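The values are calculated or read from the model by the stated rules, or taken from the named source; none is laboratory data. Computed from a predicted model, the values in this text were never measured in an experiment. So basically every Cβ, Gly included, is an ideal-geometry build from the backbone, and we count neighbours across all protein chains shown. For the accessible areas, the whole protein counts, side chains as well, though only heavy atoms, and no ligand, DNA or RNA atoms are used. Shrake-Rupley method; radii C 1.70, N 1.55, O 1.52, S 1.80 Å.
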Amino acid sequence: MDLARIAQLIEQRFAVRLTQPSVWRLLRALGWSVQRPTGQARQRDEKAIRTWKAKRWPELKKSLRDRAE
């Protein structure tokens, strides 16, 4: 977590200067926690994903709809 950047944002928005430990305590008091984005697979194939969405997904939706009837 980049506490310095958060402290800078708080200072810009609210004209209040906080130390990094104070920012950490404030965030904890608010119930916030560190969250990291999930990584993206290195072998991800964007073209294959687009093809699947365009061709295979509509077929699956149709077959699911047919089963429900």
Area of residue 64 that stays accessible when all protein chains are in place (1.4 Å probe, Å², to 10): 100
Coil-residue chymotrypsin sites (Phe, Trp or Tyr not before Pro) of the chain, DSSP, other Cβ within 10 Å capped at 16: 32
The chain - Debye-derived log10 I(q)/I(0), Cα point model, q = 0.22, 0.25, 0.26, 0.29 Å⁻¹: -0.96, -1.08, -1.11, -1.18
Within the chain, helix-based [θ] at 222 nm, where runs of 4 or more DSSP H residues each add -39,500 (n - 2.57), nearest 500: -17000 deg cm²/dmol
Estimated distance in nm for a label pair at residue 67 and residue 20, the labels positioned 7 Å out from Cα along Cα-to-Cβ: 5.3
Net charge dipole size for the chain [Lys, Arg +1 and Asp, Glu -1 on Cβ; Debye, nearest 20]: 240
Accessible-area ranking of 56, 28, 42, largest first, probe 1.4 Å: 42, 28, 56
Listed residue (40, 24, 68) projecting farthest to the positive dipole end of the chain, Cβ model: 68
With all protein chains modelled, accessible area of residue 50 [1.4 Å, Å²]: 150
